[in-house]
Structures are given as structure tokens and as C-alpha cells.
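Each remark here refers to the structure printed beneath this line.
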Amino acid sequence: MSKKKAIKIATASAIALTGAVAVAQPQADAATNSVDQAITKATKQVDKAFNLYYNTAKKSNKLPSGSAIRKEVKLAEAYYIAAEAEIAKKGGSKAKKAAYTKKLEKSKTSLNRAKNYVAAVSVTLKSSRTALDKAIESGKQSTVQSAQAALNKKIAEFEKAVSKVFGPDARRLLTKTYTTPAKAESAAVDAEMKVYAAYKQIERGNLIEKDIEKAGQLIDSVRAEVEELKAKDTKLAGNLVKAAEKNNKAYEAKVEALKVPVVASVSAINAKEIKVTFNKEVDKTTAENAANYELKLKGTAVAGLTADLQEDGKTVLLNKTDGTDIFTNGDYYTVEVEEVLTKDLSKKVATYKTATLNYFDNAAPTVVSSELNGSNVRVYFNEPVSGVQLKVDGSALSAVPASTNKDGKYYVERPASADEKKAGTHSVTVYGATDGDNNTLSVAATQYVVSDDTSAPSITSVTADKSNTFKVKVSEKLAVEPSFEVKKGGILFIDSSNTAAQVALDPEDSSDLTYIVTVPANATSGSYSLYGKDENSVALSVKITNIKDNSNLTGAEYNGSVTLTKDAVGPKVLSENTNTVSATGLISVKFDENITLADSTKVKVYKDGVLLATTATAAGEFLNIQLPEVGKAATYSVKLEEGAVKDAAGNKNAALTTTATYASKNDITPTITLDGTNKYKVAFATPNSDMTDSATTVSNYTLDGKALPAGTTIDFSGDKKTVIITLPKESVAKTSSGSLQISTNVVNKAGQKVADAKGEAFTQLVALTDNVKPVLQSGKFIDSDDNKLANQVELTFSENVTAGNVDDYEFIVNGAKVTATAITFTNDKATVTFGSELNVAQALSVKVLPADDQDDKDMDTKDTTGNKLTEGTTVTVNTVK
């Protein structure tokens, strides 16, 4: 080996061991050496900085110290800039400077990669994470929202910087070390922030009042998250759950208030009762007015119904007043509900009618429970029953009366013996309970528990109610009605021999723990009034004795007082919705208290601005006004001047105006007669009210279950109680009959609907006459001897034709007219005879001539109902029959 070659190998080895980049040796002048040294120094530092992060991540699976990498990159940048300056200063010629610059720039990529790494780790997430932790501890939703947003922004900034870092290992470790835990911390409150954002939008936008639908959507969108927060034990989660519950409660109340009041369901729940359920609480008076319900059993109206509103305020039970069964198995029925008002009297429940329903009950009754109720053993069932026998604690069998049905509860009872009242558990065996459909419960067992009662009953409260009533609440159900003594000073107004008019259980309290005491206007003796002259309140002493419970424990005598306030407010009309007009022309205006008529001249009724002659009377809460007309559909304006009526305390009404509307409940029966071909007159039996435009709305009528033909017209004729229905031309293909149906949507101005006897859409068969013109469809040569010559052609029509003439047609062969001598018709065929034979190889054109082009100016070819042949049709005859 030559000495020169050996030196080259040694130099290369040295470069490899130091990791330096081998470069051509510059000329050995002082300037070149200083530039080369600067480049070498910069390149080595760049490699050092780059490898510190890159090789550490790749080979050691960890990240370098932040301070160390920043130090090395800072030096690399400084050396690189110094090398650039050295080249500019001592690099020599322009060409040499370019060569040095190119050599230096080979390390620039590594430098930039190292700088990108430093840029990434310089985006610190720690302070943002700490801020979020503190915000979560504070429990303040807005602070957490801001802190989370700031952290998420910082995470995004960090991820963007990491994306620029060279080397998958470094990027993976940066993500694992910094991004993943920061994202997890942020995500830990995602549910909280989603809930906060939703309810913040609801509250700031006042959506529950302004956009209830949007509020509902937002609430629904975070229901799962709210449930999730309920399981978290943090101040933040607790605050958000409280906010959600507050808003949800307001939302639900608003939804309830906005509900359109409707009948939710109707069903026969047993042989004696029908349950009507409303979607909102309803007014007790109108809900318990049996006239507001119509039950039809097998098409016949059932009379003598009683309606009972249940405690929930939404359920009414209908039953026969005499307690007899309504249904037997297999019955079908319908129920219609109308004129029921909501509890606040502000809205009327939409009129509701069921479809035809069927009643079947094949199940035996069941025992629900038993109890000692007062002095009786009482057993509850799921439906009314009879024929029941009871045995208590193995005693002798005893028959009991049929069940009592009260407030949707059904029970039988018999007096309890002394042993059966004792403390402990008592067994009851029930035999032979039979429902209204003869389903029998042969035997069943139940039990009741009697507690050892050692607490005497007591009076828990005495509170004023109205100007002459107060309420007394007791601690437990009493065996007998207690005795009340009420005095004003030393003057006795109620003595201990209470009457039903003075003392009664409060019907609004189903627990039977409240008594209403009504104080008479005058004392038991003398001329003392409850309220003296100029007295607006009265203090009464109340003494209550004979307070006994069902365990024969006697409560202490009660002595107390109550102050009643004199009614100083005049009577007011309860609501326009409670005003009625009867079929006999009697307006009833309901007030909020009992009234008497003070001055009948101050009661005035107007119809369409015209004062009517009326007669007014008062009864209880109602002002009744007799109209001079009966059964007229109208809205009447009732004007009461100040002092027209007064209440029991002498307070007079303020001037007011209210309205009352009469609308007949009877359906309208139409009469349909033929008024011409495919033309029908419909006369509506509505003498007191015109029909609305619904009577001329084509979509309210059908023919054979389908919409009337396009082009049908319906117009009033002579008055607004009769219409003419005219079917268009070309709409009836065959003469026959059709079923014309009138929808119940057709009503008069009084609101009465058109219907049949069952209250359903009215239907009647009507005559239909073919009004579609026949059409020439095709033709064939008649070559009877098969010699390719024919002097006759057979024409085919769309339907049977009965008459015609050859001048109705034009016959042409190869542009020349051909003369026909005769035409005969059979069903839907016609045979045309020509004066000379035609070659069947040549096509014959047959055209139906318009009447104006014919000699007699008339189309003679007609169908069986006289419809003339369609003009202008042309067919080509080129086949042989």
C-alpha cells in the first residue's frame, strides 16, 4: 500500500469515529482554515442537539431533559450564525463563499428539526392544567368553562407544534407525556360543561318562556349527562344538578300549562263503570255534569248517568245513578265527552268521541286488601262485587251486602266483634265474590293488622275558611262526629246539638280528618247577628267535646278561638267558559258565590248589537236570564251594570260584560235527491243556522270511498242550507249506483255536524249515469273468401254503441276517398259495407269526422246513454279478421 493511500484511509477512519462529516480539505491559507473550523464547529453542535432528542427518543424510549435540549439547540443556533458570519467575512471569492454556504446548509435540516422539538416542549400545558384543577375545586361553572377552554386551546397549540417534530418516536412520547393526560383532565369535565352550556343557553335566552320547544330539545340533549353527574361527589357536579332540576321543574310546569286539554282515554273498567281520563286537571262542576257525557250502548243512548271526579283531578268515573250494571259481555259502545273545563276554567277540553269499543270481562274479581275501618271489618276488591261471605279469625261465616263503590274503591264490610278489634294480625277468608258479569272468586285469603292504639285523638288545627265557615282538623279518624259549641262573646251561635247544616266532613278531604263548621247568620236566640253594624271581623270562641276514636279513646276537650272576616268583595263572574245557554233559551251566568238579584233593570242582553227583551232571576251561584228566542245559534253579550246582583253580605257587583254562546248539540241529517244527470241536491236540516263553507268543500265528500272526480263543483243553491253537487263530464264510465258520503267535518255556524243516526259520516246511494264518450279504437278487413279482397270492414269501439251513420266517418285508401254504402252496429262493433271491393294489402284509414264537417252537422254514432262518439279519432285498418 502506498503511503498516500494509507493516509487517506486513516483520515476516513478518524472521521467515522467522531461522527463528523467528511469534507474536502480547503486550501491551506489562514482564511480557509477559520471558515472550515467554524462550519465544522456548527455542524458538530447541530448533530449533538439533533441526536439528543432524536436518538434519546428512538433508542432509549424517553425524552431528554428540557433544559439540556434547550441549551444544546441554543448553542447550535449560535454556532450556525457564527459560521454564516465567518463565511461572509473570510470566505473568499463569491464562488468559494457559495461552496462554503452549501456545505454549512447540509446541517440546516437537522438544526430546524431540533428547533421544532424545542418549540414543541416550550408550549407548556402545566399552568393551564393547574388552572382547571383550581376551577373544578371552586365549583363555579363559568370558571371551569373558561379554564377548560384555555386548556383545550393550549392542547391544540401543543399538538400543532408536535406535528412538526421529526421522528415518530419523539412525537409518540410527547403525546403520551403531555397531550394524553391533559386531554383526559379536560374530558373529565366534558359532561359538566355540556350540561352547563345547555342550561346557560336556556337561562340566558329565557327559552322556557320564549321558545319552549328549543328548551325541551336542550334539556333532552343532556338528560344522560345530568344522570351521570348525580353519581359524582363534587361541588361542581352538585351545583349543576341543582341548576338542572330547577330549570326542569320550570320547564315541566310550562309544558303542563301549555298543554291543550284533551281526553286521554276512555274505557269500561267493569260492568258498572266507565273511566274517562283527561290529560290535565279539570273543573269539578263541569266534570261532574253528567249532561257533558253521552254513552251509547249498542247504538242507543243510556240515560241516568252519574259522573264522579276522582282525587287526582284528572279521572272521572261514569256509572248508573241507580247502581245497576251498564254492560254485559259482548256489548259495544261509544262515549262522547264535551263542555268540560280545565281546573282554572281558562280552557275547554276538546270534544272527544271514541271509536266503537267492545266490552268483555272473563276474569274473576280479586281481593286487594282488608282493614279495620272504624268499627267495621272492610275488604277491598278490584271491581264491584256481590254475594260475598266473610270469615274472620275462623269465626262463623257471615253474608255481607253488595260492595260500596266510592272514589274508584270497591269494598264490603261488616261490624267487627270486640276480638276482631284487638291489637294483632287478623285473618280474613272471602267466599263467593261475584262481579257484574257473573265471574266468581270462589275463595281468597287476606289479613289486616290492628295496632295497639294508646294515643287519644286531638284537635290539630282550627282555621278560618270563609266569612261564615271555619275548618277543624283532627289527628285521626273519629268514631263519631264531635260536638261543637261556638260563641260570640257570651252569645251562643252553635250549641252542642249540631245539625248537618252546621257541621259536616269536608268533601275535599278523602281522609275524613277535616270538619267544616258553618256559623249561622244569627244567634240561637235573640236578635244577635254574626256581624254587627260596621263590624268587618268577628272573634269566636270554639269548644269541641266528644272527641272519640275507634279504639274508644277520648280526646281532651278543646277550647280555642277563630276569627272570621266579613265578605267585603262583590260577586264576580267565574269565567265566560262557565256561562251556558240552554235549548230553551235560558242564559246561566255563574258567579263565584251565591247571589240574589238586586236590580233586574241593570241586566241587559245584546245579540249582534241589538238589545233583547229578557227576564232575569237568581238562584244560588247563577244569574238566569230567559231569552225571547229559542234554539238560535248565536253569541249573546250580557252586560251587568253596577249593582245588578249582590251576595249574601250585601256586596254588589261591579259593572261587567260577559258572553254566552248557544250551539245545538244535535247532528244535522241531510236529504239527497237527484237534480239532473250526475247532479245531486243536498238539503241540510238546519232551520236556525246557515251552513259554513265546509258544506261546499269538495274534500268533505267521497264517492265509493274515493275523492270526488277532479272538476266536481259544489255550490250553495237558493240559500246557505242547500248545495248542488255536479260531477264533471267524462267522469262516469258506466251507468250504476255509487255511495256518496258526507264527512262529519261539514258543520253549520252553530257548530252542529252532519252525521247519521249513530253520529258517524252520512252515506247514501246515488244514481250514476255514464257520461264518457265512446271512442273508435280499431278496425279489421272482412275477407270471407280469403281472396285478399274485402267489401266490408269491422270497427271496434270502447263501449257498446247503438246508432250511427256512415257520414260520421271518412274512409281513405292511398290518399283517395272510398265510399261506404251502409253501417250496422252490434254491441261494441260496427260493420261498414263499401260499394266496391278493397285490396287488403292496402291500408285503409278511418277517421271520425267532426260534426261540423258532416253534411247533416250532427254526430249520429252514440253509446247506450246517448253520449256521442269522440270526434277526430283516426284508426288504420291493415289486418284481416
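The values are calculated or read from the model by the stated rules, or taken from the named source; none is laboratory data. Fair warning: this is a prediction, and the values are worked out from it, not measured in the lab. Cβ: placed from backbone, ideal geometry, glycine included. Neighbour counts: every protein chain shown. Ligands, DNA and RNA are excluded from the accessible area calculation, which covers all protein heavy atoms including side chains. Shrake-Rupley method; radii C 1.70, N 1.55, O 1.52, S 1.80 Å.
Quick notes on this one:
- Test: residue in region 485-503 that is open to solvent by 70 Å² or more (accessible area, probe 1.4 Å) and of a type in the set (Asp, Glu): no
- Tally, over region 464-477, of residues that are open to solvent by 70 Å² or more (accessible area, probe 1.4 Å) and among the polar types (S, T, N, Q): 0
- Residue in region 233-247 that is outside any helix (DSSP H, G or I) and out of contact with any Phe, Trp or Tyr (no Cβ under 8 Å at 6 or more places or on another chain) present: yes
- Members of region 610-647 found to be farther than 28 Å from residue 567 by Cα, open to solvent by 70 Å² or more (accessible area, probe 1.4 Å) and part of a loop (DSSP other than H, G, I, E, B), listed by number: 613, 628, 630, 632
Rundown of residues vs (1) open to solvent by 60 Å² or more (accessible area, probe 1.4 Å); (2) within 41 Å of the chain's Cα centre (by Cα); (3) over 14 Å from residue 469 (Cα atoms), yes/no style:
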residue: 506; (1), (2), (3): no, yes, no
residue: 513; (1), (2), (3): no, yes, yes
residue: 517; (1), (2), (3): no, no, no
residue: 520; (1), (2), (3): no, no, no
residue: 531; (1), (2), (3): no, no, no
residue: 543; (1), (2), (3): yes, no, yes
residue: 554; (1), (2), (3): yes, no, yes
residue: 559; (1), (2), (3): yes, no, yes
residue: 576; (1), (2), (3): yes, yes, yes
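- Residue 203 being open to solvent by 60 Å² or more (accessible area, probe 1.4 Å), without any contact (Cβ under 8 Å) to a residue 40 or more places away in the chain and outside the structural domain of residue 336 (by the TED database): no
- Where a residue in region 162-185 is touching a residue at least 40 places away in the same chain (Cβ under 8 Å) and its partner, wherever it lies, is assigned to a loop (DSSP other than H, G, I, E, B) and surrounded by fewer than 17 Cβ atoms within 10 Å (Cβ to Cβ), with Cβ under 8 Å and at least six apart: 169/61; 173/61; 173/62
- Of all residues in region 662-696 being under 19 Å from residue 739 (Cβ atoms) and in a loop (DSSP other than H, G, I, E, B), the one that is most open to solvent (accessible area, probe 1.4 Å): 677
- Filter pass, residue 823 being closer than 27 Å to residue 836 by Cα and touching a helix residue (DSSP H, G or I) at 6+ places or on another chain (Cβ under 6 Å): yes
- Filter result for the condition that a residue is crowded, with 16+ Cβ neighbours inside 10 Å and over 27 Å from residue 281 (Cα atoms), over 244, 215, 231, 198: 198
- Subset of region 848-868 [within 24 Å of residue 816 (Cβ to Cβ) and either touching a Leu at 6+ places or on another chain (Cβ under 9 Å) or in a loop (DSSP other than H, G, I, E, B) (or both)]: 848, 849, 850, 854, 855, 856, 861
Every residue, every condition in (1) β-branched (Val, Ile, Thr); (2) over 30 Å from residue 66 (Cα atoms), yes or no:
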position	(1), (2)
165	yes, no
178	no, no
194	no, yes
216	no, yes
227	no, yes
230	no, yes
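- Restricting attention to region 597-609, the residues being surrounded by 15 or more Cβ atoms within 10 Å (Cβ to Cβ) and in contact with an Asp or Glu (Cβ under 9 Å, 6 or more places away or on another chain) number 5.
- Unique residue being surrounded by fewer than 16 Cβ atoms within 10 Å (Cβ to Cβ), closer than 23 Å to residue 436 by Cα and of a type in the set (Phe, Trp, Tyr) when the list is 360, 381: 360
- Note on region 117-170: residues that are open to solvent by less than 10 Å² (accessible area, probe 1.4 Å) and under 27 Å from residue 203 (Cβ atoms) amount to 5.
- Taking region 426-444 as the range and being touching a residue at least 24 places away in the same chain (Cβ under 8 Å), hydrophobic (A, V, I, L, M, F, W, C) and surrounded by fewer than 20 Cβ atoms within 10 Å (Cβ to Cβ) as the test, only 444 passes.
- Selection of first residues in region 865-881 that are more than 15 Å from residue 801 (Cβ to Cβ) and of second residues that are hydrophobic (A, V, I, L, M, F, W, C) and in a loop (DSSP other than H, G, I, E, B), restricted to Cβ pairs under 6 Å at least 6 apart or on distinct chains, gives the following pairs, ordered by first then second residue: 876/843; 878/843; 880/840.
- Beta carbons closer than 9 Å, at least 6 apart along the sequence or on distinct chains, never pair a first residue in region 488-514 that is touching a residue at least 12 places away in the same chain (Cβ under 8 Å) and farther than 23 Å from residue 563 by Cβ with a second that is open to solvent by 30 Å² or more (accessible area, probe 1.4 Å) and polar (S, T, N, Q).
- Inside region 404-425, residues that are open to solvent by 80 Å² or more (accessible area, probe 1.4 Å), of a type in the set (D, E, K, R) and more than 15 Å from residue 447 (Cβ to Cβ) make up a count of 2.
- Considering region 274-299, and only residues there that are touching a Phe, Trp or Tyr at 6+ places or on another chain (Cβ under 9 Å) and not basic (Lys, Arg), the residue that is surrounded by the most Cβ atoms within 10 Å (Cβ to Cβ) turns out to be 287.
- Residues of region 260-295 satisfying the condition of being outside any strand (DSSP E or B), more than 24 Å from residue 403 (Cα to Cα) and among the acidic types (Asp, Glu): 281, 283
- Only residues that are hydroxyl-bearing (Ser, Thr, Tyr), open to solvent by less than 60 Å² (accessible area, probe 1.4 Å) and in a loop (DSSP other than H, G, I, E, B) were counted across region 784-799, and they come to 1.
- Number of positions in region 834-847 that are open to solvent by less than 60 Å² (accessible area, probe 1.4 Å) and part of a loop (DSSP other than H, G, I, E, B): 2
- Within region 85-114, being within 22 Å of residue 51 (Cβ to Cβ) and crowded, with 18+ Cβ neighbours inside 10 Å holds for 103, 104, 107, 110, 111, 113, 114.
- In region 770-791, the residues that are farther than 17 Å from residue 835 by Cβ form Cβ pairs under 6 Å with partners that are among the acidic types (Asp, Glu) and part of a loop (DSSP other than H, G, I, E, B), at six or more places apart or across chains, as follows: 772/730; 774/799.
- For region 50-58, the count of residues that are of a type in the set (D, E, K, R), touching a Gly at 6+ places or on another chain (Cβ under 8 Å) and part of a helix (DSSP H, G or I) is at least one.
- Within region 317-338, the set of residues being in a loop (DSSP other than H, G, I, E, B) and either aromatic (Phe, Trp, Tyr) or more than 21 Å from residue 297 (Cβ to Cβ) (or both) comprises 327 only.
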